[in-house]
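Worksheet for the structure shown next.
The values are calculated or read from the model by the stated rules, or taken from the named source; none is laboratory data. A quick note: this is a predicted structure, and the numbers were derived from the prediction, not measured. Note: ideal-geometry Cβ built from the backbone for every residue, glycine included; neighbour counts use all protein chains shown.
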Amino acid sequence: MRHSVETTGRSTTRLAERGRIMGRRMMTLGLLVLGLLYPTGLILQTPAALADERAYWLGWSPIKITEKGFDFGGKLYVAGAPTTYGWLGWYMEDGQLRPALYGHIHLDDVRDLCARMRIDYYIGDQLWTTKYGGQVCAPDDKHHAWEVSMNEYNSSKIDKVRVSIEKLTATKDWTIVASETQKLKKIHDKVKITEDGFDFGGKTFVAGAPTDSAEVIWTWSGAQVSPRVTGTLHINNSASVCARMRIEYFKVDDTLLAEKFGGKVCAPDNKHYTSEVDLEKYTDNKLAYIKIGLQTLGTDDKWRTIGTVSSHYVKVYLNLCTDRSDCLHSAETKIE
């Protein structure tokens, strides 16, 4: 998932401020899942509540399983298969990862056969635990679909899931028909700071500013959230002035966890100077966002922040979700 944020001298922490509100309103965004399957005709058009309002949204990964007579994907079904993907939503809940499966299970031309969804949760390649959805059965040879909402497990250890369709055999045993595996991938975020004589972004510098953005790469591993900030610090036409990068690390409620600083870079004259930035100094299981600041050293030997930009691991799309049922499941929030 990629996002681009640019600032010109003002903080972009408004999303973080919404995080406090989000804890109360997330109930309108998530899916309350107890392994239930809603039959066609009773399909929910907008998400119901999460069981725990402390859950926050990271993004989603596509899930589509197609096998003769047994499919999982979107609601629309044409020529023997769903036309779109189902999706695996990734939530962070009090430092624990909660994968949530949304979509539709389809049975077609499989009279008297039954099926269910299955989710295997992994730590790396080690199977940790398994959860099952409710059983659905085809009363005839026609096409039937049921909405799937599975969101019953969270853990600080897991980082991968395998989603399967199972069918009930004649011997009353459950067997896997087909599966798809998704791992919570790294999330890439584009950031840039542009100030008079001082910039943070990509390496290429044209007409007094970097043409590309710097990048924040967010990783979930070993129950820890880790942001890596890479880019180029530019000093131009600022003789005898020194600069550095500052990173502040926050929880979703805006509690400051830590702050770290990059190395000092100084310009001896008014030419253009650059310094490569690669900062990965802090991890925490409740880290939600960072604020990246560009600082200069004054003649009084004090550092002052002249520009900031924020990068969020936990995403809060409050304004998008007011009138849109697809606010969580959108191209903008896809993790790939």
Residue within the range 201-215 that is under 20 Å from the mean Cα position of the chain (by Cα), part of a strand (DSSP E or B) and within 23 Å of TYR56 (Cα to Cα) present: yes
Boolean, ALA239 is under 20 Å from the mean Cα position of the chain (by Cα), in the same structural domain as ALA288 (by TED's automatic domain parsing), modelled with pLDDT of 95 or more and over 23 Å from TRP57 (Cβ atoms): no
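Okay, residues lined up against (1) modelled with pLDDT under 90; (2) surrounded by fewer than 17 Cβ atoms within 10 Å (Cβ to Cβ); (3) closer than 29 Å to ASN154 by Cα:
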{"residue": "ALA243", "(1), (2), (3)": "no, no, no"}
{"residue": "ILE247", "(1), (2), (3)": "no, no, no"}
{"residue": "LYS264", "(1), (2), (3)": "no, yes, no"}
{"residue": "ASP300", "(1), (2), (3)": "no, yes, no"}
{"residue": "SER310", "(1), (2), (3)": "no, no, yes"}
{"residue": "ALA331", "(1), (2), (3)": "yes, yes, yes"}
{"residue": "ILE335", "(1), (2), (3)": "yes, no, yes"}
Failed condition for ALA239, given (1) more than 26 Å from ASP94 (Cα to Cα); (2) in a strand (DSSP E or B): (2)
Checklist (1) surrounded by 22 or more Cβ atoms within 10 Å (Cβ to Cβ); (2) at pLDDT 95 or above; (3) not basic (Lys, Arg) applied to TRP220, failing item: (2)
Test: residue in the range 178-186 that is in a strand (DSSP E or B), under 30 Å from ILE235 (Cα atoms), under 23 Å from the mean Cα position of the chain (by Cα) and basic (Lys, Arg): no
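Residues checked against (1) in contact (Cβ under 8 Å) with a residue 24 or more places away in the chain; (2) among the basic types (Lys, Arg); (3) buried (at least 19 other Cβ atoms within 10 Å of the Cβ):
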| position | (1), (2), (3) |
| --- | --- |
| PRO99 | yes, no, yes |
| MET117 | yes, no, yes |
| GLY124 | yes, no, no |
| THR129 | yes, no, no |
| GLN135 | yes, no, no |
| LYS142 | yes, yes, no |
| ALA145 | yes, no, yes |
| MET150 | yes, no, yes |
